[in-house]
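Participant: What follows is a structure written as structure tokens; I'll ask about it next.
The values are calculated or read from the model by the stated rules, or taken from the named source; none is laboratory data. This structure is a prediction, so every number in the text was calculated from the model and none was measured. FYI the Cβ positions are ideal-geometry reconstructions off the backbone, even for glycines, and counts take in every protein chain you see.
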Amino acid sequence: MTVLLLWLVPFSRTGLAAFLVAVTLVGTWAAHRAARVLGVKDPGAIVVDEVAGMTLAALPFPLTLPTLAAGFVLFRVFDILKPPPARASQRLAGGVGVMVDDLIAGAYAALVLAGLRALAGWP
């Protein structure tokens, strides 16, 4: 869903950065509240962290379908593998703990995308 949103909405780079900041701030608050109300550290029903992470992965690049598809796959891989410090960040309290690991996964995905673009010109 996030890929579709990023592809269809004509974000400027500044607009996309503002969207990321807003999603991250509001998402951190909402995830904190939801975790407290539901009594679960990182409820599966919370997906705003995925939106923030995927947005970060795509932020530096043109929002083309190949870039978004590659970014999505890379983001999911890093979100599942949780390389350092993503796994450790999940121990942070409240909404911050919910959000930060996905932002780290998004940063890893952006770095790999940047490498692919620099070395191979793709995507």
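Participant: Is there a residue being part of a loop (DSSP other than H, G, I, E, B), surrounded by 14 or more Cβ atoms within 10 Å (Cβ to Cβ) and in contact with a Leu (Cβ under 9 Å, 6 or more places away or on another chain) anywhere in region 21-33? Show your work before the answer.
Facilitator: At the first step, the residues of region 21-33 found to be part of a loop (DSSP other than H, G, I, E, B) are none.
The answer is no; no qualifying residue exists.
Participant: Please enumerate the residues belonging to region 11-66 that are under 22 Å from residue 86 (Cβ atoms) and among the polar types (S, T, N, Q).
Facilitator: Scanning region 11-66 gives 24, 28, 55.
Participant: Another question, then. For region 82-123, which residues satisfy the criterion of being surrounded by fewer than 17 Cβ atoms within 10 Å (Cβ to Cβ), of a type in the set (D, E, K, R) and closer than 21 Å to residue 33 by Cα?
Facilitator: Within region 82-123, 91 is the sole residue that qualifies.
Participant: Within region 107-118, can one find any residue that is more than 20 Å from residue 25 (Cα to Cα), within 14 Å of the chain's Cα centre (by Cα), in a helix (DSSP H, G or I) and without any contact (Cβ under 8 Å) to a residue 24 or more places away in the chain?
Facilitator: Yes, that holds for at least one residue.
Participant: Restricting the first residue to region 1-15 and requiring it to be within 14 Å of residue 52 (Cα to Cα), which pairs with a second residue that is among the hydrophobic types (A, V, I, L, M, F, W, C) and modelled with pLDDT under 95 meet a Cβ separation below 7 Å and a spacing of at least six or different chains?
Facilitator: Listed pairs, sorted by first residue: none to list.
Participant: Only one of these is without any contact (Cβ under 8 Å) to a residue 40 or more places away in the chain, buried (at least 18 other Cβ atoms within 10 Å of the Cβ) and within 17 Å of the chain's Cα centre (by Cα): 49, 79. Name it.
Facilitator: Values: 49 fails: without any contact (Cβ under 8 Å) to a residue 40 or more places away in the chain.
Just a single option satisfies the conditions, and that option is 79.
Participant: Suppose we filter region 16-43 for residues that are β-branched (Val, Ile, Thr) and either touching a residue at least 24 places away in the same chain (Cβ under 8 Å) or touching a helix residue (DSSP H, G or I) at 6+ places or on another chain (Cβ under 7 Å) (or both); how many remain? First the steps, then the outcome.
Facilitator: We begin by selecting, within region 16-43, every residue β-branched (Val, Ile, Thr); these are 21, 23-24, 26, 28, 37, 40.
Of the ones still in play, those that are also either touching a residue at least 24 places away in the same chain (Cβ under 8 Å) or touching a helix residue (DSSP H, G or I) at 6+ places or on another chain (Cβ under 7 Å) (or both) are 23-24, 28.
Residues that pass the stated criteria total 3.
Participant: Residue 53 versus (1) modelled with pLDDT of 95 or more; (2) out of contact with any helix residue (DSSP H, G or I) (no Cβ under 9 Å at 6 or more places or on another chain): which is the lone unmet condition?
Facilitator: So residue 53 meets the others, but not (2).
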